1. Over segment 24-64, average the accessible area per residue using a 1.4 Å probe and give it in Å², no decimals.
2. Assuming R0 = 35 Å, what is the FRET efficiency of Y38 and W66, from their Cβ-Cβ distance, to the nearest 0.05?
3. At F14 and A54, where each label point lies 7 Å from the Cα along Cα→Cβ, what is the point-to-point distance in nanometres?
4. Just tell me, in residue order, which DSSP H segments of the chain are both 30 angstrom or longer along the helix axis (alpha-carbon based) and at least -0.5 in mean Kyte-Doolittle hydropathy.
5. Once the piece of chain linking V4 and L25 is laid out straight, how much longer is it, given 0.36 nm per residue of separation minus the C-alpha distance between them?
6. On each of the three principal axes of the Cα atoms of the chain, give max minus min coordinate, whole Å, ordered largest first.
Amino acid sequence: MGRVALVAAIWFAFWIVVGSVVGGLTGGNAGGVQNGIYFGAFNGAWWAVFTSFAWPWIMPERLDRWMYRRAEAE
């Protein structure tokens with residue numbers, strides 16, 4: 001379970017950072033960079049949730065095997 005949680009945390013952090021960067025770059029003068037980054041982080045969290053359902057199709061096979069390998073096998 002720990003490996004799955006680690007991959008999920010990295011997945012969420014990746015999308016939150018991407019959302020923040022895009023929000024900061026597109027915030028403009030009216031919304032401000034701070035609001036763009038703030039709302040971009042929330043949008044990134046939503047993208048992480050939506051794309052997490054597609055893990056079976058987009059996750060590399062090697063990472064999938066690593067996540068679900070039993071601890072005794074190591």
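The values are calculated or read from the model by the stated rules, or taken from the named source; none is laboratory data. From a predicted model like this one, the values you see are computed outputs, not experimental measurements. Here Cβ is always computed from backbone atoms with ideal geometry, including for glycine, and neighbour counts include all displayed protein chains. SASA here: full protein model, heavy atoms, side chains in, ligands and nucleic acids out. Shrake-Rupley method; radii C 1.70, N 1.55, O 1.52, S 1.80 Å.
1. It amounts to 78 Å² per residue over segment 24-64.
2. 0.55
3. 1.2
4. Numbers: long enough: 2-26 (36 Å, 1.81); 28-52 (33 Å, 0.30).
Span-like helices in the chain: 2-26, 28-52.
5. Details: separation 21, 0.36 × 21 = 7.56 nm, distance 3.17 nm.
Working it through step by step, the gained length comes to 4.4 nm.
6. 55, 21, 15
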